[in-house]
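The values are calculated or read from the model by the stated rules, or taken from the named source; none is laboratory data. All values derive from a computational prediction rather than experimental measurement. Quick reminder, even Gly has a Cβ in these numbers, built from the backbone with ideal geometry, and neighbours come from all protein chains shown.
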């Protein structure tokens, strides 16, 4: 009987490898790229939408924040659905939903309908990271995961770069409504190669067994978990602040044209993508040279947050040249934080607890996507300028240094054995 079971497992694995092959990681990276292009369209169009629909800065902040109202809780639902109907189909359904929501945004009539479509967008896009993480774990050995996640992180950064640069230039020529329609319909085309590549593996997918893992309560009792959650929030607050408000800030405060704004914003995100790839490469070399994973990760993320904390006030207080240079520095430093935040969480949790830990850490971290746009909109309306909003974002980065530093004394796998024994 054991030999039969082994044969069946090997046969199933062989079928999956033949079906997916080398197309899995590129297709998932493209999905992440499209994901960030479509979610960032509203920020790029914000200067035009604000004037055409006669919205206040606070209303723009609410629109930018609404995406995360559904995106954060729906990640838990997406994880459950990936187990229920498998990750292949869940990701396809999510992509279809967010693509249609993007296209429909070009037909919107006002503030209320835009909020409803942003909620649908968040619901659809919530499937990407739970499903991609599950599929990578299913199809790749552990020594291949770093390279795959590095490619996806680069795609994550290139999405806003493309959306801001190409989307901004297109909006200047054909209007924001046409761009939303165009990008939404193009996003649907991703489903064709995905269906062709995964339909056989999807039909053969079966429920998988799970190792005994600590509960959410056990995880949040750890000081390291609070450090990772607060640190993730702090690292993503400045990122979402820039993603949400950079176009409006450059146009309304710095007086740039839509086309010029698109060029600068696009290059800021290219700097982010470049550093994501570079930091991953250098971190691997440093570890191979003998440094511990904890030392590499903590040094990298603390340096990144320190650079952002210094760059944001300079971007607000300096002249146009200083502001642009500072935004490039902040964009480059974002790459220090993205990969490292997940690496620290995965290392602390270990294989058995990584799924629950990262879902908890990511959910708390993405709350900054709700907080940052609203706080910024209220502050700008109250003060009439962006300076205090930049200073708040810098202060949150300083808090992140404390979270990733003193609150996490050492980055190494935590011991969950007493919990396992108690449950058994």
Residue 230 fails exactly one of (1) outside the structural domain of residue 326 (by TED's automatic domain parsing); (2) closer than 30 Å to residue 283 by Cα; (3) at pLDDT 85 or above, namely (1)
Show the residue pairs meeting these rules: Cβ distance below 9 Å; 6+ apart or different chains; first residue within the stretch 239-253 and free of Cβ contacts under 8 Å to residues at least 60 places away in the same chain; second residue surrounded by fewer than 24 Cβ atoms within 10 Å (Cβ to Cβ) and outside any helix (DSSP H, G or I). 250/256
Name the one entry in 46, 78 that is crowded, with 21+ Cβ neighbours inside 10 Å and under 30 Å from residue 134 (Cβ atoms). 78
Considering only residues that are under 17 Å from the mean Cα position of the chain (by Cα) and more than 24 Å from residue 110 (Cα to Cα), which ones fall in the stretch 59-77? 72, 73, 74, 75, 76
Scanning the stretch 400-424 for residues that are surrounded by fewer than 16 Cβ atoms within 10 Å (Cβ to Cβ), part of a helix (DSSP H, G or I) and touching a helix residue (DSSP H, G or I) at 6+ places or on another chain (Cβ under 9 Å), the one modelled with the lowest pLDDT turns out to be 420
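To keep it simple, each residue is scored yes or no on (1) in a helix (DSSP H, G or I); (2) assigned by TED's automatic domain parsing to the domain that holds residue 384; (3) modelled with pLDDT under 85.
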{"site": "13", "(1), (2), (3)": "yes, no, yes"}
{"site": "34", "(1), (2), (3)": "yes, no, no"}
{"site": "40", "(1), (2), (3)": "yes, no, yes"}
{"site": "79", "(1), (2), (3)": "yes, no, yes"}
{"site": "107", "(1), (2), (3)": "no, no, no"}
Right, residue 310: over 16 Å from residue 157 (Cα atoms), at pLDDT below 85 and assigned to a helix (DSSP H, G or I) or not? no
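Mind telling me which of the residues 382, 315, 333, 372 ends up being free of Cβ contacts under 8 Å to residues at least 40 places away in the same chain, under 27 Å from residue 252 (Cα atoms) and in a helix (DSSP H, G or I)?
Unique residue meeting the criteria: 382.
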Within the stretch 109-134, can you find the residues that are within 16 Å of residue 181 (Cα to Cα) and in a helix (DSSP H, G or I)? 113, 114, 117, 118, 120, 121
Cβ-Cβ distance below 6 Å, separation of 6 or more or different chains: which pairs start in the stretch 86-106 with a residue that is more than 15 Å from residue 126 (Cβ to Cβ) and end on one that is not in a helix (DSSP H, G or I)? 86/205
Just to be sure, is residue 173 modelled with pLDDT of 80 or more, over 17 Å from residue 246 (Cα atoms) and surrounded by fewer than 19 Cβ atoms within 10 Å (Cβ to Cβ)? yes
Can you tell me which of 85, 60 is assigned by TED's automatic domain parsing to the domain that holds residue 45 and under 30 Å from residue 382 (Cα atoms)? 60
